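Down below is the structure, laid out as structure tokens.
What follows draws every value from the coordinates through simple rules; no lab data is involved. Since the model is a prediction, treat every value here as computed from it, not as a measurement. In this analysis, Cβ positions are derived from the backbone assuming ideal geometry, glycine residues included, and neighbour counts consider all displayed protein chains.
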Amino acid sequence: MFTREEASRLRQEFWTTFGLYMKPVLSVDYMRVNWINYNTRLKDVYFRMDTGRKAATIAITMEHSDPGIRELFFEQFLELKTMLHTELGEEWEWQEHYTTESGKVISRIYKELPKTSVFNKDKWPELISFFKPRIIALDRFWDTARYAFDALT
């Protein structure tokens, strides 16, 4: 069991390692990108990567506080579902109403890697191998898909 400080340090160390690993990887339009904090340039729509004690998750989250706007975004992603899954090379889970640990209701599209932990450094290569191709695929998808959201903003 780790103290809160140790857990925080290990998470930070993992994300620093992942960031350094991804630093030479350019976006689809040959630009440098902060892969950990990917900027969709769309308010309240994020690409999130998360690690914990039991699983890792990568997700597209729609976090607008207005449920109607969040629903519009989710519906727009549904229109692009085939394109998204084709780019990812796999199907992801879709949840229109998901309650976060903090009690916030969001919508999300996600993929989970179960039975892994950021607190086990031996699992870090597995975590990197999970996140890297998916965040790169999300970048390729978003390069085209973001224009479908112009009318919603």
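Couple of notes before you dig in:
- 3J(HN,Hα) from dihedral phi, region 58-64, Karplus parametrisation 6.51/-1.76/1.60, rounded to Hz, x for glycine, proline: 10, 8, 9, 10, 10, 10, 4
- With each label modelled as a point 7 angstrom along the Cα→C-beta vector, the T86-Y147 pair spans 1.5 nm.
- Cα gyration tensor, region 92-143 - rounded (a/c under 1.5), prolate or oblate: oblate
- CD proxy at 222 nm, helix term only [per DSSP H run n ≥ 4: -39500 (n - 2.57); per residue of the chain; nearest 500]: -13500 deg cm²/dmol
- Over region 4-152, relative contact order from alpha-carbon pairs under 8 Å, at least 6 apart, %: 27
- FRET efficiency, W94 to Y21 (Cβ-Cβ, R0 22 Å, nearest 0.05): 0.15
- Here region 4-152 is assigned +1 on the Cβ of each Lys and Arg and -1 on the Cβ of each Asp and Glu. Its dipole about the Cα centre then comes out at about 620 debye.
- For region 40-107, radius of gyration divided by Kirkwood radius, i.e. Rg to Rh on alpha-carbons: 0.96
- Shown here is the pair-distance distribution of the chain: with all Cα-Cα distances grouped in 10 Å bins from zero up to the longest one, the shares run 10, 38, 36, 14, 1 percent.
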